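Working notes for the structure below.
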Amino acid sequence: MSLMAKAPGASVARLWAALEMVPEFHWLRAPEVGAAMVRGRQGATGAPFNLGEMTITRCSLQLESGAVGHGYVQGRDKDKARVVALVDALMQGDMAARVRAGMLEPLAAEMDAAKEARAAKAAATKVDFFTMVRGED
């Protein structure tokens, strides 16, 4: 679920379309936009404080097989929340291997490649400081 929530909406939509799956479902909770309080800690160990609110979209659905899926995503992308909920429900049944191979693994590879590209870009700006020996012993 973390992978799906963090993935770009365009990548999720593209990979979902490539799977060519249209499972029958009914809404338990249609996609709705709301806000959630984000909490933080100073220095990661201090007392928690309210950092602010962020927009989230959530939904819940049930497949004809009875599997229930939930989708929570950052932002206002109702279609992405729907796909996340469908993937959550499909991973509970016999379609799990197909969804993993066609959606989750390619998504993880794309996100890893993007992470490595960001790290390489940051590494290019790294400055190594050193002290030269002045010879005054």
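Before moving on, here are some points about what is shown:
- Whole-Å distance, taken between Cα centres, linking the range 1-60 and the range 71-124: 11 Å
- Helix axis angle, 9-19 relative to the chain longest principal axis, alpha carbon, degrees: 50 degrees
- Check: the chain dipole with +1 on Lys, Arg Cβ and -1 on Asp, Glu Cβ, in debye: 340 debye
- Estimated 222 nm signal from helices in the chain, with DSSP H stretches of n ≥ 4 weighted -39500 (n - 2.57), rounded to 500: -11500 deg cm²/dmol
- Partner lysines for residue 115 [C-alpha distance under 18 Å; skip if fewer than 8 residues away on the same chain]: 6, 126
- Here the range 47-96 was treated as a single set of alpha-carbon atoms; its pair distances binned every 10 Å from 0 give 27, 38, 21, 11, 2 percent.
- Cα convex hull volume per residue for the range 63-129 (Å³): 122 Å³
- Principal-axis tilt of helix 105-123 within the chain, Cα atoms, nearest 10 degrees: 20 degrees
- The residues neighbouring residue 31, those whose beta-carbon lies less than 13 Å from its own, together hold a net charge of +3 under the Lys/Arg +1, Asp/Glu -1 convention.
- Relative contact order, percent, the chain [alpha-carbon distance under 8 Å, six or more residues apart]: 23 percent
- Diffusion of the chain by Stokes-Einstein, at 20 °C in a medium of 1.002 mPa s and with Rh set to the Kirkwood radius over alpha-carbon pairs, works out to 121 µm²/s.
Rule-based calculations on the coordinates, nothing more; no lab input. These figures come from a predicted structure and were not determined experimentally. Note that each Cβ is placed from the backbone with ideal geometry, even for glycine, and that neighbours are counted across all protein chains shown.
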